[in-house]
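Participant: One structure, as structure tokens, below. Some questions next.
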Amino acid sequence: QVQLVESGGGLVQPGGSLRLSCAASGSIFRVNAMGWYRQAPGKQREFIAFITDGGITNVADSVKGRFTISRDNAKNTVYLQMNSLKPEDTAVYYCNAQGGTGNLVNLWGQGTQVTVSS
């Protein structure tokens with residue numbers, strides 16, 4: 001069984017920080033890229049950040065300068081360091097992994113809730 005295991009979500013005050021992690025557990029395929037999306041109730045899923053196995057990153061303008069994505073290829077784990085959090089960052093954050101031959105495998109985590117509130 002292959003799944004993405006997410007952790008690090010929770011409740012934080014504005015201006016605070018959280019670090020999310022996501023590990024591809026039980027993977028039998030090559031993980032080429034991993035990243036993060038988020039979705040607030042009633043809104044479209046929003047791209048946040050992605051990183052390839054070669055270390056190339058892509059970060060959404062809405063979080064650039066505040067969020068940093070990193071990856072441990074040996075562990076098939078991706079991290080999202082979130083600083084200077086704002087209430088509008090409140091959402092369910094989903095981990096995504098792409099891999100396999102020709103990137104035919106596309107997996108999603110179950111999501112972890114991030115709530116930014118006083």
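Participant: Which residue out of 106, 96 is exposed (fewer than 12 other Cβ atoms within 10 Å of the Cβ) and assigned to a strand (DSSP E or B)?
Facilitator: Working: 96 fails: exposed (fewer than 12 other Cβ atoms within 10 Å of the Cβ).
Exactly one residue qualifies, and that residue is 106.
Participant: Looking at the range 30-38, can you tell me whether even one residue there is outside any loop (DSSP other than H, G, I, E, B), buried (at least 17 other Cβ atoms within 10 Å of the Cβ) and hydroxyl-bearing (Ser, Thr, Tyr)?
Facilitator: yes
Participant: Sort out which residues of the range 73-91 are modelled with pLDDT under 95 and either part of a loop (DSSP other than H, G, I, E, B) or among the aliphatic types (A, V, I, L, M) (or both), and write them in order of number. Walk me through it before giving the result.
Facilitator: Residues of the range 73-91 modelled with pLDDT under 95: 73-77.
74, 76, listed by residue number.
Participant: Tell me the residue from 70, 21 that is within 15 Å of residue 113 (Cα to Cα) and modelled with pLDDT of 95 or more, please. Step through it out loud before you land on a result.
Facilitator: Values: 70 fails: within 15 Å of residue 113 (Cα to Cα).
Sole residue among the options that is within 15 Å of residue 113 (Cα to Cα) and modelled with pLDDT of 95 or more: 21.
Participant: I need the full set of residues from the range 68-90 which are open to solvent by less than 10 Å² (accessible area, probe 1.4 Å) and hydrophobic (A, V, I, L, M, F, W, C), in order please. I'd like the intermediate steps shown before the answer.
Facilitator: Restricting attention to the range 68-90, the residues satisfying the condition of being open to solvent by less than 10 Å² (accessible area, probe 1.4 Å) are 78, 80, 82, 85, 89.
Matches in the range 68-90: 78, 80, 82, 85.
The values are calculated or read from the model by the stated rules, or taken from the named source; none is laboratory data. Just so it is clear, the structure is predicted and the values come from calculations on it, not from any experiment. Here the Cβ is made from the backbone with ideal geometry for all residues, glycine too, and neighbour counts use every protein chain on show. Ligands, DNA and RNA are stripped out before the accessible areas are found, and what is left, the full protein with its side chains, is counted by its heavy atoms. Shrake-Rupley method; radii C 1.70, N 1.55, O 1.52, S 1.80 Å.
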